[in-house]
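Undergrad: Quick one: this structure, given as structure tokens, is what I'll be asking you about.
The values are calculated or read from the model by the stated rules, or taken from the named source; none is laboratory data. It should be emphasised that the depicted structure is a prediction, and the values quoted were computed from it without experimental measurement. Note that we place each Cβ from the backbone using ideal geometry, even for glycine, and neighbour counts take in every protein chain shown. With ligands, DNA and RNA removed, areas are computed over all heavy atoms of the protein, side chains included. Shrake-Rupley method; radii C 1.70, N 1.55, O 1.52, S 1.80 Å.
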Amino acid sequence: MAIDLANIDLWGQDIPWLSGLREKACSAWQKTPWPNAKTEAWKYSFFPQQAFNDLSVDTKSHHCDENCHCHGELTTPFAAYGIKFCNGRLATEHFNLPTGVTIKPLVEAIFDNEAKIYLNKNFKMENFPFATLNTALLENGIVLIVERGTIIDKPIFIAYYQHDTHQNLNNIRNIFIIEKEASATIVEYYEGDNQGRYLNNVVNEIYVRASAQLKHYIWNKEATKAHHIALNAVQVRQNGQYKAFVAQSPCALSRHETYIELLQEGAQAQVNGVYRLPESGTSDITTNIRHLAAHTTSNQLIRGVVDGTAKGVFQGQIHIAPDSQQCEGYQQHRALLLSDEAEVDAKPELEIFANDVKCAHGNTCGDLDAEQLFYMQTRGIALDDARQILISAHLNEALNTINNDDVKNWLLENF
């Protein structure tokens, strides 16, 4: 799809470096073939370009009726610091945050030249077509900085709401910086009106400094006709920890891609997740964890359930660079297929260029265990109840790895 920047009135067109970055991304996007069945990274979750062409970028001033979530205080499911987006736009004007934490709208951080040193610095545009599009339309998002040594007492809860049926292309770019020896928890929650048809195109650039820790939880609960495409590009330095959990609910396509670089010794990454699609939709959890230094560790645990005509996708790659000795990398994906029309595609990969490592991957797909169902029925449990017990037990293997009780209980109640 060609994008004519001259006809899209984006903020900051008088800032030379920003205009140059957008032009570079626009040129790259126009040269990038639309992802299709022959595109290796997208062959399981591509969608027709026709579903995209009638979407538009809303550059008008933010406006909502009185019933919109952006009016009034955000209600979070547990004690947290709340931030609201509405129809792709930041709706929170005042941030009630503890000392040591700063948040700015992306446009303000660009104007102050604070964002320049971070934007597009931890991923290559040519490898991520929709992140390239996100850069071409760069405008909306936040910059969050947790200062050195700061320990945040409550999660930062970022809620993204889509309130109408307008065919919006929402491009959101966030930058999260967790400075040395700091610790934070970020929860991202996406929700759309049931009849909404839109595309949320999200890029999070995440920097975890030495001995810092970020716990990052994402729940995509988009409208059933919506598309959600997200990239988390993460860099972790010495003894830093990045722990993520992704929960996917039904929508036309929910694709969550995580690209992590473990840059220095002791860096750790964990990307766990669940997807549950009872009738239709496609869920894609894609990971690429690159061990670029010795003594680094990564873990991935994914559980999925698909029924009806739904489709689940897991693509996970662990890359061990040359001389990155004594690394450990593990990934495991298990899915339940509950109908003959449901589909699961899995592609776990190990790419190892060092000889002193511990790595493993595993994948299984299948129906519920008939013997377990029969056993529970002989104990007086109805068939539907028995099925639900086994499904919950399957998903809970991953959900129970969440080490924030509030977030874990919130997701357990909904999955």
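Undergrad: Check Lys221 against each of (1) under 27 Å from Asn168 (Cβ atoms); (2) of a type outside the set (Ser, Thr, Tyr); (3) buried (at least 23 other Cβ atoms within 10 Å of the Cβ) and name the one condition it does not meet.
TA: The one condition Lys221 does not meet is (3).
Undergrad: Still on this structure, please answer the following. Take the range 104-152 and flag every residue that is among the β-branched types (Val, Ile, Thr), touching a residue at least 12 places away in the same chain (Cβ under 8 Å) and assigned to a loop (DSSP other than H, G, I, E, B).
TA: Across the range 104-152, the qualifying residues are Thr150, Ile152.
Yes/no per residue for (1) buried (at least 21 other Cβ atoms within 10 Å of the Cβ); (2) among the charged types (D, E, K, R); (3) at pLDDT 95 or above; (4) within 19 Å of Asn201 (Cβ to Cβ):
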residue	(1), (2), (3), (4)
His69	no, no, no, no
Ala80	no, no, yes, no
Asn87	yes, no, no, yes
Phe95	no, no, no, no
Asp112	no, yes, no, no
Lys124	no, yes, no, yes
Phe130	yes, no, yes, yes
Val143	yes, no, yes, yes
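Undergrad: Since Ala342 meets every condition but one in (1) surrounded by 16 or more Cβ atoms within 10 Å (Cβ to Cβ); (2) of a type in the set (A, V, I, L, M); (3) out of contact with any Asp or Glu (no Cβ under 7 Å at 6 or more places or on another chain), which condition does it not meet?
TA: (3)
Undergrad: What tally of residues in the range 255-273 results from selecting those that are farther than 19 Å from Glu397 by Cα and more than 9 Å from the chain's Cα centre (by Cα)?
TA: Result for the range 255-273: 10.
Undergrad: So, in the range 240-261, exactly how many residues are charged (D, E, K, R) and farther than 22 Å from Lys43 by Cα?
TA: Qualifying residue count for the region: 2.
Undergrad: Moving to a separate point now. Can you find even one residue in the range 254-274 that is crowded, with 23+ Cβ neighbours inside 10 Å, closer than 20 Å to Asn170 by Cβ and either touching an Asp or Glu at 6+ places or on another chain (Cβ under 6 Å) or aliphatic (A, V, I, L, M) (or both)?
TA: Yes, some residue in the range 254-274 is crowded, with 23+ Cβ neighbours inside 10 Å, closer than 20 Å to Asn170 by Cβ and either touching an Asp or Glu at 6+ places or on another chain (Cβ under 6 Å) or aliphatic (A, V, I, L, M) (or both).
Undergrad: Among residues belonging to the range 196-214 that are within 13 Å of the chain's Cα centre (by Cα) and of a type outside the set (A, V, I, L, M, F, W, C), point out the one that is nearest to Ile178 (Cα to Cα).
TA: It comes out as Glu205.
Undergrad: Just to check your reading of the model, which residue among Glu181, Glu147, Glu188 is open to solvent by 10 Å² or more (accessible area, probe 1.4 Å), out of contact with any Ser or Thr (no Cβ under 7 Å at 6 or more places or on another chain) and either under 22 Å from Leu262 (Cβ atoms) or not aliphatic (A, V, I, L, M) (or both)?
TA: Glu147
Undergrad: Show me the strands (runs of 3 or more DSSP E) entirely contained within the range 293-343 in which 2 or more residues are hydrophobic (A, V, I, L, M, F, W, C) and closer than 19 Å to Leu262 by Cβ.
TA: 311-320
Undergrad: Restricting to the range 361-396, and then to whatever is acidic (Asp, Glu) and over 30 Å from Ile318 (Cβ atoms), can you tell me which residue is surrounded by the most Cβ atoms within 10 Å (Cβ to Cβ)?
TA: Looking at residues that are acidic (Asp, Glu) and over 30 Å from Ile318 (Cβ atoms), I get Asp385.
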